[in-house]
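Following: one structure in structure tokens, then a few remarks.
FYI, it's all coordinate maths here, none of it is from the lab. On a predicted model such as this, the values are computed, not experimentally measured, just so you know. Note that we place each Cβ from the backbone using ideal geometry, even for glycine, and neighbour counts take in every protein chain shown.
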Amino acid sequence: MFRIIILIFLIFTVSCEKREEINIAVFISGDGRLEKVGGFIKGLKDLGIKNIKIDLYKGNNSLKSLEDLAQNLNLKTKRYRLIAAGGSLEAYILKKHGVNEKIPVVILGGTSILSWGLTDSFSRPSENITGVNNLNAELMEKRIELFTYMFPDVRKVIIFCSPKFEASRKAARITIKTAKKFNLKVVPLYVKDVKELEFVMSHMKEDGYGAVIMTPCYYTENFLTHYILHYANFYKVPVFCHSPEFAKEGCPVAYGTPAFEQGYTAAHVAYKILKGIPVENVPFVRAYSPKFILNLSALKELYVQYNERILVYADEVVK
């Protein structure tokens with residue numbers, strides 16, 4: 001009889017565990033991060049975690065909104081098992097408000113992680129923060145190489161970046177340094193709104209600039225990218241994007257690790273934490289599977305000359 005009672009108790013306990021909901025907060029700066037979120041959720045489900053409840057905290061491309069959300073989230077950490085941060089910026093803001101001291105933070109895909117002060121070591125996370133290093137800043141070297149091969153006649157380009165953050169400045173420095181090797185002049189610009197952006201884009205050609213090269217930065221991913229592509233198409237200016245997803249949305253050419261794959265990889269990191277492994281024993285991982293995507297219809301609309309031999313290097317061609 002005693003064995004039967006124990007068996008019933010165990011079955012009841014297991015069934016309760018199965019029904020227990022796993023609450024996760026997702027903290028992102030804007031819609032540009034949603035592909036990562038989709039990959040993250042799919043990854044967790046593929047790992048067997050079906051009972052997930054996601055609360056989305058989205059900053060709508062505003063730093064002030066992100067700061068407010070972080071303060072709000074700091075009061076609700078007991079609701080969640082962990083927080084998934086869309087990128088390095090989001091993790092930095094959570095750390096700034098001390099949220100990481102209360103709950104583990106997993107970065108869905110971030111760059112310049114050491115520059116942001118998010119850990120002292122990739123192999124042994126020091127700030128209760130771990131996740132995916134997408135190497136986006138470092139990939140600027142390859143982007144410049146591909147760009148100069150594809151557009152050999154272009155000698156001056158613009159990059160949009162935010163001087164407020166060291167990570168953005170780092171990407172700009174890498175881009176400028178690499179471009180010099182290819183006799184390409186790179187000019188970094190910061191535009192605060194769409195009106196300034198249109199002014200710059202409308203005067204690019206007369207000022208001798210032949211293209212825009214995108215660097216990793218939250219405000220270009222979330223807010224400016226779609227406007228940049230709109231004005232670039234209107235004023236017939238080539239744009240080289242840093243995320244493959246943008247090539248499918250109208251960017252002529254892109255190189256980087258897909259955001260969905262970054263989020264999917266982050267799910268494996270989160271899985272270990274959900275299983276009880278301390279964050280300091282869950283190293284950062286690299287999401288390094290860059291794809292080179294060409295959008296031929298977007299290129300055709302620009303009426304620009306490019307080296308067609310670049311097609312042999314493309315992982316995917318959108319027609």
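Tabulated values for the structure
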item: Length added when fully stretched, Ile22-Glu206, from 0.36 nm per residue minus Cα-Cα; result: 60.7 nm
item: Peptides ranked, highest mean first, by Cβ atoms within 10 Å: ranges 78-89, 94-105, 53-64; result: 78-89, 94-105, 53-64
item: Amide H contacts under 5 Å for Lys185, placed H, 5+ residues apart; result: Lys156, Val157
item: Descending semi-axes in Å of region 148-239, equivalent ellipsoid built from Cα gyration tensor; result: 19, 18, 10
item: Whole-percent pair-distance distribution, where bins are 10 Å wide, for the alpha carbons of region 209-319; result: 13, 39, 26, 14, 7, 1
item: Using distinct alpha-carbon pairs, which all enter the 1/r mean, Kirkwood radius of the chain in Å; result: 20.7
item: Region 148-196: radius of gyration and largest Cα-Cα distance (Dmax), Å; result: 12.1, 33
item: Residue-averaged [θ]222 nm for the chain, counting only DSSP H segments that reach four residues, each worth -39500 (n - 2.57); result: -12000 deg cm²/dmol
item: Part-to-part distance (alpha-carbon centres) for region 219-242 and region 127-191, which is given in Å; result: 15
item: Using alpha carbons only: equivalent-ellipsoid semi-axes of region 29-119, gyration tensor based, whole Å; result: 20, 15, 14
item: 19 Å Cα-Cα reach of Lys195 towards aspartates and glutamates, excluding residues that sit fewer than 8 places from it in its own chain; result: Glu206, Asp207, Glu221
item: Of every Cα-Cα pair in region 259-319, the percent that sits beyond 16 Å; result: 62
item: Nonlocal amide H pairs with Val253, under 5 Å, H built at 1.01 Å; result: Val239, Cys241, Asn295
item: Mean Cβ count within 10 Å, highest first, over the residues of peptides 240-248, 166-174, 187-195; result: 240-248, 166-174, 187-195
item: Dimensionless Rg over Rh [region 229-278; C-alpha; Kirkwood]; result: 1.30
item: For region 193-257, average projected area of the Cα convex hull in nm²; result: 4.1
item: Coordinate range along principal axes, alpha carbons of region 94-189, Å, largest first; result: 53, 25, 18
item: Charge tally in the Cβ shell below 13 Å around Tyr235, where Lys, Arg are +1 and Asp, Glu are -1, Tyr235 excluded; result: -2
